[in-house]
Structure formats: C-alpha cells, structure tokens
Amino acid sequence: MAGRTQPIRVVHLITSLNVGGGQMDLYKAVTRFDPGKLASVVISMVTPGKIGNLLEKRGVPVWSLGMCPGSPHPLALWRLTKMLRQFRPHILQTWLYHADLLGYLAGRWAGVPIILWNLLQSHMDFRQYRRTTEVTVRLCAHLSRGVKKILVNSVAGIKAHARLGYDPGRMVLVPNGYEVDRFKPDPESYQEVRRELGLSPDTPIVGHLARFDPQKDQATFLKAAQQVVVEHPQVAILMGGNGVTAENPAFARLLRDHPLPGDRVRLLGERHDMPRLLAALDLLVSSSAFGEGHPNVVGEAMCCGVPCVVTDVGDCALMVGDTGLVVPPSDPGALAQAIGEALSWKDPERRGRGQAARERISRRYEINRITARRESLYLELAARYLPPGGN
C-alpha cells in the first residue's frame with residue numbers, strides 16, 4: 001500500500017485451534033499471506049490445540065485467552081482488550097460466532113480500526129445447541145452494522161444470516177479454498193488403506209468423514225448405510241471424525257440403534273492423514289442436516305477425484321454440480337438410493353465424474369486464488385480506513 005513502510009498488522013481471533021473446518025481455513029490463509037504485506041497473530045479463546053502447534057511451527061505467533069471450552073470467563077474480555085492494545089492491530093478478523101461477539105466488544109474498546117467477521121455456517125438449527133449459541137448469533141446480528149465487512153464462505157450463508165438480521169450490505173463471499181496439489185488422486189493410497197483396514201483390493205469404500213455433531217447427522221447416514229449393505233454386500237462403510245468411535249457413548253448408542261455388519265464397517269475416529277484417506281474412497285457421503293456452509297471434506301474429496309453424494313444443505317449442491325448426486329437432508333431412503341446409484345456406476349463413469357469433480361474445484365476454489373482474494377480485501381480495507389503512511 002502506497003506510503004506504508006510496514007506490513008498491515010492482523011489479529012485472527014478464533015474459538016479454538018483444535019482440528020476443525022474453520023481452524024484449517026484459518027491455517028491455510030495465514031500461512032499463505034505475503035508476510036511483507038500482512039503480519040499475522042492468531043489468538044485462541046481456549047488453550048491452543050493441534051492447529052496452534054502447526055501455526056507456531058510455521059512461525060506464526062499464537063496466543064491464548066485461557067478460557068475453558070463452553071464456559072464464559074469474566075476476564076476474557078479484559079485479557080483480549082489488553083492484548084489488542086499491546087499489539088495494536090490494524091485489522092481484527094474473527095472466526096466463528098463466539099469469537100465474533102467477543103472480538104467485536106474488545107476490538108471496539110481497544111480502538112481497532114477495522115473489525116471483520118467470518119461466517120462459516122448457513123441455516124442453523126439452534127435447538128441442537130446451548131441457548132447461548134443462539135443468543136450470541138442474535139446479538140451479532142444486532143451489532144453487524146458496526147463491523148467493516150463480514151466474510152461469508154457460502155451463498156447459502158449470506159442468505160441465512162440476512163434472514164437473521166445481519167447487515168447484507170456488509171457481507172462479501174469468500175468461499176473456502178482447497179489445496180489441489182496436496183489432495184489428489186493417489187492409486188498407492190487406494191490400495192494401502194485397503195490393506196491397513198483388512199479389505200480386499202477391489203472392495204468399494206463409501207466414506208463419511210465428519211466430527212460427531214447434530215449438524216453432521218450420522219444417524220441418517222447409518223440408516224441409509226443399513227439399506228446399502230443389503231443391496232451391495234461387497235461394500236465397506238468407513239466412518240471417521242472426532243467422536244466417531246465406539247468409545248463415545250452417544251455414537252455407540254447410534255450404532256446399537258442402527259447396527260451394521262461388523263465386517264462391513266470401519267470406525268477411524270479423528271485422523272490426520274486425510275489426503276491419503278480420501279484418495280482411498282470410491283464415494284464420499286455428506287449427510288448434514290443443517291448449517292453447512294462450504295464443507296471442506298466435500299471439496300477435498302473432489303480434489304482427490306472422488307465423486308460425492310451430498311444433502312442439499314449450504315452450498316453443497318453448488319460445489320458438486322453435476323459431478324455427484326444431491327438429495328434432501330434427513331431422508332435416509334433418498335440417501336440410500338443415491339449411494340446405491342453411485343455404486344452402480346461403471347468404472348469409466350466413476351472416473352469421469354471424479355476427474356470432473358477435481359477440475360471443478362481447481363477451477364473455482366483453488367487455495368492460492370482464494371487466499372489472494374482475502375489478502376486483497378484486507379489491503380483494500382486498509383487503504384480505505386487507515387491513514388496513509390501510518391504504522
């Protein structure tokens with residue numbers, strides 16, 4: 001920016017730095033920004049987790065407010081305000097609802113010139129969560145005219161939050177970006193994962209990879225999978241994600257209610273080898289009931305050349321286009337029928353759809369182009385709202 005000799009200072013505030021979609025989006029953006037233009041600091045409301053460690057290894061400073069998950073801390077606002085006054089950021093970018101509210105209040109008190117929010121959800125079913133989540137969202141809607149811009153990762157998210165009362169004039173679409181060089185077809189992983197799971201080389205694998213959460217609706221997927229394994233007894237069902245283990249009582253109860261043959265299902269829990277795991281799938285299923293914006297697992301599977309069956313939630317249908325299949329949410333019968341249809345595709349059609357899926361993500365959502373869009377927005381806002389030449 002003309003006349004400025006130092007990078008724009010940006011603080012990113014997020015609810016946690018455990019593994020999650022928003023956390024990975026933050027990591028991918030911050031580690032790709034031009035450090036000569038943007039100097040980034042990341043603040044986690046709770047103790048930094050795995051993503052915090054990864055950021056620090058990449059040289060990004062990571063701070064913590066020391067809050068306990070799910071428990072408001074009376075000193076958190078004071079701590080954050082103090083941190084902001086010490087670092088004096090030009091931009092405060094918040095990620096996820098509770099960080100939006102806390103960041104807005106602290107940012108205003110600390111005199112941060114540019115406060116930005118990120119919205120990563122679409123239509124939420126607040127009945128599934130603590131009352132404080134809905135209260136936080138309603139408060140943010142009321143306060144939304146006090147931020148400079150609201151970055152939203154989906155068209156559906158813009159519409160849903162406008163209905164909630166967020167200022168539509170401040171919302172700008174910045175979809176998630178995908179690492180097409182990291183997530184890619186991998187014939188070796190296709191066979192290696194089958195050997196590791198004790199499956200034959202030609203076993204079709206249907207994957208459902210998502211944290212255990214009402215939004216992800218594992219119950220609908222399990223009901224659909226019960227029908228699928230009857231009609232396609234050769235198929236293996238692979239489920240993974242934080243909390244997707246027999247040791248989780250709530251998930252174990254779902255498995256008891258919707259049992260699958262033990263030799264047909266594999267539970268992996270949280271994994272950190274997603275590129276090779278996704279490349280081993282024949283089909284990725286997203287059964288979310290509500291709330292999705294631009295789900296990373298769908299985009300990453302498409303990068304790996306894996307066709308997807310998704311529910312029509314958030315921008316899932318927009319993401320897959322005609323490369324996959326889309327069904328209504330919370331409809332096990334329709335989901336089972338779509339999975340069965342996809343499993344019946346001959347190899348040429350499956351490969352063709354997978355290649356088209358990868359090309360679609362590369363063309364629309366390649367990570368470096370999306371990061372450049374976010375970086376350009378920051379610089380444009382700095383040019384508009386910061387005094388020229390100031391540091």
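The values are calculated or read from the model by the stated rules, or taken from the named source; none is laboratory data. Given the structure is predicted, the values throughout are model-derived calculations rather than measurements. As a convention, Cβ positions derive from the backbone with ideal geometry for all residues, glycine included, and neighbour counts pool all protein chains shown.
General observations
- Scope the range 106-132; condition hydroxyl-bearing (Ser, Thr, Tyr) and over 22 Å from residue 79 (Cβ atoms); matching residues: 122, 129
- Just one of the listed residues (278, 284) is of a type outside the set (D, E, K, R), buried (at least 24 other Cβ atoms within 10 Å of the Cβ), in a strand (DSSP E or B) and in the same structural domain as residue 360 (by TED's automatic domain parsing), namely 284.
- Scanning the range 126-178 for residues that are polar (S, T, N, Q) and more than 16 Å from the chain's Cα centre (by Cα), we see that the one that is surrounded by the most Cβ atoms within 10 Å (Cβ to Cβ) is 144.
- Listed by position, the helices (runs of 4 or more DSSP H) inside the range 134-247 whose residues that are hydroxyl-bearing (Ser, Thr, Tyr) number at least 1 are 187-196, 218-231.
- Residues of the range 34-63 classified as modelled with pLDDT of 95 or more and within 15 Å of residue 102 (Cβ to Cβ), total: 5
- Taken together, 293, 299 contain a single residue that is buried (at least 24 other Cβ atoms within 10 Å of the Cβ), small (Gly, Ala, Ser) and assigned to a loop (DSSP other than H, G, I, E, B), which is 293.
- Flag if residue 326 is in a strand (DSSP E or B) and touching an Asp or Glu at 6+ places or on another chain (Cβ under 6 Å): yes
- Of the helices (runs of 4 or more DSSP H) that lie entirely inside the range 13-107, those containing 3 or more residues that are small (Gly, Ala, Ser) span 21-30.
- Residue match in the range 196-212 (condition: closer than 30 Å to residue 371 by Cβ, charged (D, E, K, R) and in contact with a strand residue (DSSP E or B) (Cβ under 6 Å, 6 or more places away or on another chain)): no
- Condition check for residue 54: crowded, with 21+ Cβ neighbours inside 10 Å and among the hydrophobic types (A, V, I, L, M, F, W, C): no
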